[in-house]
There are 2 protein chains.
Amino acid sequence: MRNLNQDTITQAVLARFAGTPDPRLKEIMTCLVQHLHAFAREVKLTEAEWLQGIQFLTATGHKCDTQRQEFILLSDTLGLSMLTVAMNNEKPAGCTEATVFGPFFLEDAPHYEQGADVANGARGEPCVVRGTVKGLDGKPVADAVINVWQADADGNYDVQYAELAHPQARGILRSGPDGGFHFKTIRAEAYPIPSDGPVGDMLKATANHPWRPAHLHFMIEAPGYERLITQVFRDGDPYLDSDAVFGVRQSLVADWVELPDGSYSLDYDFVLNPVR
Amino acid sequence: MRNLNQDTITQAVLARFAGTPDPRLKEIMTCLVQHLHAFAREVKLTEAEWLQGIQFLTATGHKCDTQRQEFILLSDTLGLSMLTVAMNNEKPAGCTEATVFGPFFLEDAPHYEQGADVANGARGEPCVVRGTVKGLDGKPVADAVINVWQADADGNYDVQYAELAHPQARGILRSGPDGGFHFKTIRAEAYPIPSDGPVGDMLKATANHPWRPAHLHFMIEAPGYERLITQVFRDGDPYLDSDAVFGVRQSLVADWVELPDGSYSLDYDFVLNPVR
């Protein structure tokens, strides 16, 4: 394996990975090397561009910490996240569609009773959210674990505030015996994804905006059903057709209704797919 | 741009990057998105695997600091570095071949006079290195700036020792009026690339060793000539045919001759390509 040139090196690298014991890892490494090399070959990557790429990835890694996941932002803005979600969440008609997870979920959100205010002090227009969790057969799903999380009126998630002592605008509820749930929170607002890092630089350099249409994140889990990770989008938002992370599905767009007292309400029902 | 599925999302993402003002960046982003999506689609990437990928890249970024460049190691071990070098360094026959730069170069190495000991205390078998720098026309290249760097007998570069007060086994010399240079150092030894990080995990999981054959790095610059980044490899090394970074070229393999006093000598001449 000496004297490898641009015509022979790819086969040599593939041969190197041919002994990978795990067949799935072997498949992934083989495909990765082929596409990585084909990319470099097709664009005739220069050494200066290669170094820029190394520096971009390094800066992206350095931007990641317990509060910030810049590689997920990168995957989101390159459409890889939505592609992966789409490939892995083909559900029968009638099921609630899945969309991107995003980088702002927290494992250990606070638990709330029905009707509680998950905003927990987050700034925003008051809003009541109501819905039911059903199976594809229409039967209510009781005791489903419902994670909700969202940004505040300034477009920030709680984890983006370094000084915050307790979680805000996120929580875990359980559906009632009839599959129903309801909680207080704040109205979802459009916001830009964090753009003070390498992904923001990439968006600027490619003349793209960092905005996401207003949405409320849901993760719903119940025994016997596939986990649903999705978002409900606010109708009328100017960014519904140019979401920075390609996540909008028409079936997930809903109406935030303004009430006479100036507060808002959202009604949305979720339909889970039985485990296959 | 709503309801993107696995069949339509790639075109939507490409459309997003179609307005990139810089034509070269547009070309690179377009090709990158196509190959990234094709990779995910061909292997039918699962959401768990996607997350493993995010975590791998994040860990790779976190391993990078001023002393360690894990993304270069990743590029090296996937053959991307050597592919990029090969594509960008096609030279006329007779010129010294280029090979990978590696992650251990330092911008501000100490300057040495001819004959000085660049080892500067690094552990290893004493060795004298001699050579000349010539142009492709055979004329000596005087006053060429010659950067040399290498690992010590324990397989470590100086930058891998946190406690080291001064550079070792690296330095900058200038060729004399006849293009000649000579310096003292230590004999090059085979060594494993740093394997206590994500790249080491990847090599283990793919049943690959992290070893590089013994080599001495050179970067040679002179006005009117292309910069040469290369390595001279030690003949007889057991890793010449399985270099972890795919960098060996037969024309760069040379004899480290053992002298009667137990020290070594290496003679190697460099031929630079005129700037095109």
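Might you report the magnitude of the Cβ-based charge dipole of the range B:187-230 about its Cα centre, with Lys and Arg at +1 and Asp and Glu at -1, to the nearest 20 debye? Approximately 120 debye in magnitude. Binning at 10 Å from 0, report for the range A:84-176 what percent of all alpha-carbon pair distances ends up in each bin. Bin by bin from 0 Å, the calculated values are 14, 38, 34, 13, 1. With label points defined 7 Å past Cα in the direction of Cβ, position B:Ala205 shows copy-to-copy spacings of 2.7 nm, given to one decimal and shortest first. Dipole orientation for the range A:182-263: of the candidates A:Ser251, A:Ala222, A:Leu240, A:Ala222 has the Cα lying most toward the positive pole (charges on Cβ; Lys, Arg +1; Asp, Glu -1). The mean sequence separation of alpha-carbon pairs under 8 Å and at least six residues apart, normalised by the residue count of the range B:193-276, gives a relative contact order of 25 percent. If a/c stays under 1.5 just call it rounded; otherwise compare a/b with b/c (prolate if a/b is bigger, oblate if not). Do that for the range B:48-92, with a ≥ b ≥ c from the square roots of the Cα gyration tensor eigenvalues. Judged from the Cα gyration tensor, the range B:48-92 comes out oblate (a/c at least 1.5, b/c at or above a/b). When both the range A:16-82 and the range B:5-54 are represented by their alpha-carbon centers, they are found 11 Å apart. How high is the FRET efficiency from B:Glu107 to A:Leu259, r the C-beta distance, R0 60 Å, rounded to 0.05? Calculated transfer efficiency: 0.40. Under a 5 Å amide H cut-off, with hydrogens placed 1.01 Å from N, B:Gly180 pairs with B:Val133 among residues at least 5 apart or on other chains.
Separation of the range A:112-158 and the range A:176-245, taken as the distance between their Cα centroids, equals 13 angstrom.
Less than 5 angstrom separates the built amide H of A:Tyr225 from those of A:Val275, all sequence-distant by 5 or more or on a different chain.
Largest GNM mean-square fluctuation among A:His209, A:His166, A:His217, using chain A with Cα springs under 10 Å: A:His166. In the distance distribution for the range A:65-116, Cα-Cα pairs more than 12 Å apart total 72 percent. Scaled against 2.2 N^0.38 Å for its residue count N, the alpha carbon radius of gyration of chain A is 1.18. Computed per residue of chain A from DSSP H runs no shorter than four, each worth -39500 (n - 2.57), the mean residue ellipticity at 222 nm is -8000 deg cm²/dmol.
In order along the range A:188-198, phi translates into HN-Hα couplings of 5, 10, 5, 7, x, 5, x, 10, 9, x, x Hz, rounded to whole numbers, per the Karplus curve 6.51 cos²θ - 1.76 cosθ + 1.60 with θ = phi - 60° and x for Gly and Pro. Across chain B, Cα pairs under 8 Å and at least six residues apart give a relative contact order of 21 percent.
Averaged over residues, the count of other Cβ atoms within 10 Å places the peptides B:65-71, B:84-90 in the sequence B:84-90, B:65-71, highest first. The P(r) of the protein assembly as shown has a tail past 41 Å containing 36 percent of all C-alpha pairs. Helix B:47-63: angle to the longest alpha-carbon principal axis of chain B, degrees 0 to 90, nearest 10? Approximately 30 degrees, to the nearest 10.
Of B:Arg41, B:Arg212, B:Arg227, the residue with the greatest mean-square motion in the GNM of chain B, using alpha carbon springs below 10 Å, is B:Arg41.
Computed from label points 7 Å out along Cα-Cβ, the spacing between B:Thr8 and B:Asp65 is 4.9 nm. Proximity of backbone amide H atoms, modeled 1.01 Å from N, is registered between B:Arg123 and B:Ala153 at under 5 Å, excluding neighbours fewer than 5 places apart on the same chain.
For the range A:174-247, the dipole from Cβ point charges (+1 on Lys and Arg, -1 on Asp and Glu) about the Cα centre works out to 200 debye, to the nearest 20.
Per residue, how big is the convex hull of the range A:139-207 when only Cα atoms are used? Give it in Å³.
Dividing the Cα hull volume of the range A:139-207 by its residue count gives 139 Å³.
Relative contact order of the range A:1-117, taken over Cα pairs closer than 8 Å and 6 or more residues apart, is 14 percent.
Across the identical copies, the label point of A:Gln55 (7 Å from Cα in the Cβ direction) is separated from its matches by 3.2 nm, in order from shortest. Taken one residue at a time, the phi angles of the range B:132-137 give Karplus couplings (6.51, -1.76, 1.60, θ = phi - 60°) of 9, 10, 10, x, 4, 7 Hz. Gly and Pro are set to x.
Between A:Ala12, A:Ala214, A:Ala162, the residue with the greatest mean-square fluctuation in the GNM of chain A (Cα pairs under 10 Å linked by springs) is A:Ala12.
Evaluating 6.51 cos²θ - 1.76 cosθ + 1.60 at θ = phi - 60° for every residue in the range B:65-82, the Karplus couplings come out as 8, 5, 9, 9, 10, 5, 5, 5, 4, 5, 4, 4, 6, 9, x, 5, 4, 5 Hz, glycine and proline recorded as x. Counting Cα-Cα pairs of the range A:204-253 in 5 Å increments starting at 0 gives whole-percent bin shares of 5, 20, 24, 17, 13, 11, 5, 3, 1, 0. Normalised by 2.2 N^0.38 Å, where N is the number of residues, the C-alpha radius of gyration of the range A:9-117 stands at 1.49.
Counting, for every residue in A:10-23, the Cβ atoms of other protein chains within 10 Å of its Cβ and taking the mean gives 3.
Shape class for the range B:182-276, computed from the alpha carbon gyration tensor (a ≥ b ≥ c): oblate, with a/c not under 1.5 and a/b at or below b/c.
Any read-out appearing in this document is the output of simple, stated calculations on the displayed coordinates, not a laboratory observation. Because the structure is a prediction, the values reported are computed rather than measured. With ideal geometry, Cβ positions are generated from the backbone for all residues, glycine too; neighbour counts draw on all protein chains shown.
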